[in-house]
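**Student:** Let me give you the structure first, and then I'll get to my questions.
The values are calculated or read from the model by the stated rules, or taken from the named source; none is laboratory data. Remember, predicted model here, so these are calculated numbers, not experimental data. We place every Cβ from the backbone using ideal geometry, glycine too, and count neighbours over all the protein chains shown.
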Amino acid sequence: MRAFVRATLEDSGFADVTEAANGFEALRLLPRERYDLVVTDINMPDIHGLELLSFMRKSDVHATTPVIIVSTENAQRDRERGMALGANAYLTKPFDPEALRETARRVVEARRAEESGAGPGRVDK
Amino acid sequence: MAGADDESGVREEFLSEAQEIVETLSRDLLLLEQSQKEGRNDPDLLNDIFRAVHTLKGLAGMFGLSSLQTLAHTLENLLDDLRLGRVDLTQEALDILFDGIERIQRILASGDEQSPLDISDLEKSIDRVAEAVPGERDVLRDFSLGENVLGVLTEYEEHRLRQNVTQGTPIYRLRVSFGLSLIDTALEELKARARPLAELITFLPSMGAADEDVIDLEVLLASAVDQEMLREALCTGEALLEPITRKDQPPRQVERPRPAAPRGEAAAPKAEATPAARPAVPPPGASRAEEGDAVEPSVVEASSLPNARTPNTNVALDRVGADALSLRSVANTVRVNIQKLDHLMNVVGELAIVRSAVAQITERLRSHPELRYLSTELHRIARGFERNLTELQDGILDVRMVPLGQVFDKLARVVRQTARDARKEIRLEVKGSETEVDKLIVEELSDPLMHLIRNAIDHGIESPERRKELGKPVQGLLGLTAYQKGNHVVIDVSDDGAGMDPQRLRRKAIERGMVADDEAHEMSREDLLNLVFMPGFTTSETITDLSGRGVGMDVVKTNISKLGGVIDIHSEVGKGTIVTITLPITLAIISALVIRVAGQLYAIPLANVQEALLLDSRAIRTVEGREVMTLRGGTLPLCRIRELFRMGEHVDTGRGSRQFVVVSQLGTRRIGLVVDLLLGQQDIVIKALGKSLRSVRGFIGATDLGDQAVTLVLDTPQILEEVLASNDRRGLEASP
């Protein structure tokens, strides 16, 4: 999954994609960098996607970083919660590369419209 | 060509990974069933099972195996409903899960993952189970949990929280801070400490208030144990534990260890935290501070005291270090195809041959005085070579070793299924699953063990009604016990069932014309029990679906012998049966004793050799037309290899008439093999005999001792069987 997301994002022009294997790794990486985009699964052991999202929104650095959450079809409640917590978009597994590419482009452009400045892209799970 | 190879490699990788998941799944399902029977619910385990099936589905999807994917998806949906409490975990639900895993197993075993699969019956059962959906009243809003917490819970976490609240388990909030770099190990450690006492529901991370390299976690947990005990277990360092109260009740003061508390008050926290207590009733007279006011300052206080934190952090680090180590060893595992190891072992075998050849050349050089210095030098080099070779060999052998638990886990599933089919209640007791054996042996063990287990349940253990009549516990006991004994591994399959009646076995054997009447009456109790290993022997009047599948105990015995093992039976009428399998630890490379008979060299696996001694002709007697010798007061049957192989009277020159006895023990039986000369010990790699020679009995294979000549390796277990089985037969006939 991560490899697929990475490949798709790299195809879409994100030059610097960082992977985190789980919620912990993401927590470790997030405070140190600004990112153009975060893609995270909701269902992860220990630190899950919603927690990660809430963590980001509480921090100064990532209060407005675009986040795409990924979940399975039957996790509708979790998805709604994610959107309420401030996710910018969601994708339902399985999704095709085009859907990710399109969504990524949309949320990143929306963000750029608000402010400017480029940084590395990022993948999480 | 390379593409096809790649594909099969990838497929194999998939299969072994899927197999691994299925094995873990079966084990976890059995545990889940156990906990359900005991009335406990184990949400973590259920969640693990859900995840494993989810992974399997993903794996199947990745390899385009749609039938497997559909099956996993169906099971995943049921598991999702179960873990979220939408469906109750009933026996029926468990049966569906077991059935599903069984089907996955079958698909993997058949190697046909592509054929369309009909799972409509499974889906129907799931629909039936899923019909009753319990409604949950929203009790969470009664609690002083802000939207900032509730809004971040996943559906599953919310369900767990609600479940605990409904059951009256007190809920706590634990605030901890971890350094960024150590958060995963630190949390693992926290989880390990909490596991026996509490259920951790969620970890809500936020950036450290004081330090940006620190992450604060707000952990919600449910626990029925005494609050002080919980605090003691969880609050290392600056961690802070507080109960979460209902809104209609005044929040309690943030509790800290209260060494100075008046005696009369000390009992209060204990009483309020008894398992059945309603959530968090504050002790009378507790301060009514506002929750927020009470909590925040103490957090700030803790984080702003880096010095106070240091010693505690160090203690935690030590423990974390140990945990990290164990985690790492798991992550460092590599899956290797056994054939690659076989290949390496063969290379080692070839090197061993080189070593022997070098040793022989050294010996030859030594007899030339002018070349003696070369001999000495070569000898020194050969010794170093030998040391490294031994190390290499041990290393590869070690890699091949796997715990017997691998096969025991599969068998647990067989026990469950067989017991259900036979309508018997069985308790399986497994011991020594950590005992290690060569991977190849483990593979070959499942079938024989499966058969023994089915036999024990089907024919050994009585029906629950019958057991009640007999005054035995209704639940039959089936034991799988493994342990190492020298170079061997012993596996006992025991039951506390009806046992075997030697007299009945005797009657059956005569009825079936397997032994002559008079012969049968001379047989010892042990001989009679061993009758079950004869082809076509069965005592059960009705052949059931369970064990009567045309695979008899003779096949079990043959399979065990092929592994160089032996099988023994002990049984007592009314008390039960123990079948003991004794196996060599590895098949790959063995130490052997090289002997000479009538000018021919043979190798005897050292594992089968107990001792070797000079034959003292005065100690030989003849009992019932058969040669025996007295060895330390006991009687040892003798077998002259020369006569066994009908080799004629070849005179071994130079050594006079001295002969040797190699004492071989297998299980409880012993035999003395009479040979002309002992040439010493050597490590050998056994190669199978070619197809045309495979039917020749008495040899397990051939080897090269380094002299470029083929040396046959004696199959001592088989020779022992043949010789001890027939009183009058002399010599081995080659079977067709």
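**Student:** What helices (runs of 4 or more DSSP H) lie completely within region A:1-111 and have 1 or more residues being within 14 Å of chain B (Cβ to nearest Cβ) and under 20 Å from B:Asp213 (Cα atoms)?
**Tutor:** A:23-29, A:49-58
**Student:** Would you be able to say whether some residue in region B:221-229 is in contact (Cβ under 8 Å) with a residue 40 or more places away in the chain and within 14 Å of chain A (Cβ to nearest Cβ)?
**Tutor:** Within region B:221-229, one or more residues are in contact (Cβ under 8 Å) with a residue 40 or more places away in the chain and within 14 Å of chain A (Cβ to nearest Cβ).
**Student:** For B:Val489, all conditions in the list (1) among the aliphatic types (A, V, I, L, M); (2) within 24 Å of B:Glu624 (Cα to Cα); (3) in contact with a Leu (Cβ under 9 Å, 6 or more places away or on another chain) hold save one; what is the number of the exception?
**Tutor:** Of (1) among the aliphatic types (A, V, I, L, M); (2) within 24 Å of B:Glu624 (Cα to Cα); (3) in contact with a Leu (Cβ under 9 Å, 6 or more places away or on another chain), only one is false for B:Val489: (2).
**Student:** Find the residue count for region B:395-425, including only residues that are surrounded by fewer than 21 Cβ atoms within 10 Å (Cβ to Cβ) and not in a helix (DSSP H, G or I).
**Tutor:** Residues in region B:395-425 being surrounded by fewer than 21 Cβ atoms within 10 Å (Cβ to Cβ) and not in a helix (DSSP H, G or I): 6 in total.
**Student:** Let me ask another. Please find, within region B:588-606, the residue that is modelled with the lowest pLDDT out of those that are within 28 Å of B:Asn530 (Cα to Cα) and surrounded by 22 or more Cβ atoms within 10 Å (Cβ to Cβ).
**Tutor:** It comes out as B:Pro605.
**Student:** What number of residues within region B:170-194 satisfy the criterion of being under 28 Å from the mean Cα position of the chain (by Cα), under 21 Å from B:Glu158 (Cα atoms) and in contact (Cβ under 8 Å) with a residue 12 or more places away in the chain?
**Tutor:** Summing the residues that are under 28 Å from the mean Cα position of the chain (by Cα), under 21 Å from B:Glu158 (Cα atoms) and in contact (Cβ under 8 Å) with a residue 12 or more places away in the chain in region B:170-194 gives 1.
**Student:** Could I ask something else about it? Could you list, in sequence order, the residues of region B:178-219 that are away from chain A (no Cβ under 11 Å) and either in contact with a strand residue (DSSP E or B) (Cβ under 6 Å, 6 or more places away or on another chain) or buried (at least 21 other Cβ atoms within 10 Å of the Cβ) (or both)?
**Tutor:** B:Glu189, B:Ala194, B:Leu197, B:Ala198, B:Glu199, B:Ile201
**Student:** Taking region B:509-536 only, how many residues are among the charged types (D, E, K, R) and closer than 20 Å to B:Val556 by Cα?
**Tutor:** 2
**Student:** Quick check on this structure: which one of B:Arg128, B:Arg103 is surrounded by fewer than 17 Cβ atoms within 10 Å (Cβ to Cβ) and in contact (Cβ under 8 Å) with a residue 24 or more places away in the chain?
**Tutor:** It is B:Arg128.
**Student:** Would you confirm whether or not region B:39-56 contains a residue that is in contact (Cβ under 8 Å) with a residue 12 or more places away in the chain, of a type in the set (Gly, Ala, Ser), closer than 22 Å to B:Val129 by Cα and surrounded by 20 or more Cβ atoms within 10 Å (Cβ to Cβ)?
**Tutor:** Checked against the condition, which is being in contact (Cβ under 8 Å) with a residue 12 or more places away in the chain, of a type in the set (Gly, Ala, Ser), closer than 22 Å to B:Val129 by Cα and surrounded by 20 or more Cβ atoms within 10 Å (Cβ to Cβ), region B:39-56 yields at least one hit.
Residues checked against (1) more than 14 Å from chain A (Cβ to nearest Cβ); (2) modelled with pLDDT of 80 or more:
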{"site": "B:Pro43", "(1), (2)": "no, yes"}
{"site": "B:Ala130", "(1), (2)": "no, no"}
{"site": "B:Val139", "(1), (2)": "yes, no"}
{"site": "B:Glu147", "(1), (2)": "no, no"}
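**Student:** Taking B:Leu174 as meeting all but one of (1) more than 10 Å from chain A (Cβ to nearest Cβ); (2) within 18 Å of A:Ile42 (Cβ to Cβ), write down the number of the exception.
**Tutor:** So the condition that B:Leu174 fails would be (2).
**Student:** Go through region B:650-681 residue by residue and tally those that are at pLDDT below 80 and either within 26 Å of B:Arg355 (Cβ to Cβ) or not in a strand (DSSP E or B) (or both).
**Tutor:** Of the residues in region B:650-681, 10 are at pLDDT below 80 and either within 26 Å of B:Arg355 (Cβ to Cβ) or not in a strand (DSSP E or B) (or both).
**Student:** Among the numbered criteria (1) farther than 20 Å from B:Leu705 by Cβ; (2) part of a helix (DSSP H, G or I), which single criterion is violated by B:Phe385?
**Tutor:** (1)
**Student:** Give the residue, chosen from B:Asp458, B:Asp447, that is surrounded by fewer than 17 Cβ atoms within 10 Å (Cβ to Cβ) and either at pLDDT below 90 or of a type outside the set (D, E, K, R) (or both).
**Tutor:** B:Asp447
**Student:** Could you check, for region B:541-550, whether at least one of its residues is crowded, with 16+ Cβ neighbours inside 10 Å, closer than 27 Å to B:Glu429 by Cβ and modelled with pLDDT of 85 or more?
**Tutor:** Within region B:541-550, not a single residue is crowded, with 16+ Cβ neighbours inside 10 Å, closer than 27 Å to B:Glu429 by Cβ and modelled with pLDDT of 85 or more.
**Student:** I'd like the full set of residues that are buried (at least 24 other Cβ atoms within 10 Å of the Cβ) and either at positive phi or not hydroxyl-bearing (Ser, Thr, Tyr) (or both), limited to region A:28-47.
**Tutor:** A:Leu30, A:Leu37, A:Val38, A:Val39, A:Ile42, A:Ile47
**Student:** What helices (runs of 4 or more DSSP H) lie completely within region B:141-236 and have 3 or more residues being among the acidic types (Asp, Glu)?
**Tutor:** Helices (runs of 4 or more DSSP H) meeting the threshold: B:155-166, B:183-194.
**Student:** Can you tell me which of B:Lys37, B:Lys57 is within 14 Å of another protein chain (Cβ to nearest Cβ) and within 28 Å of the chain's Cα centre (by Cα)?
**Tutor:** Within the list B:Lys37, B:Lys57, the selection yields B:Lys57.
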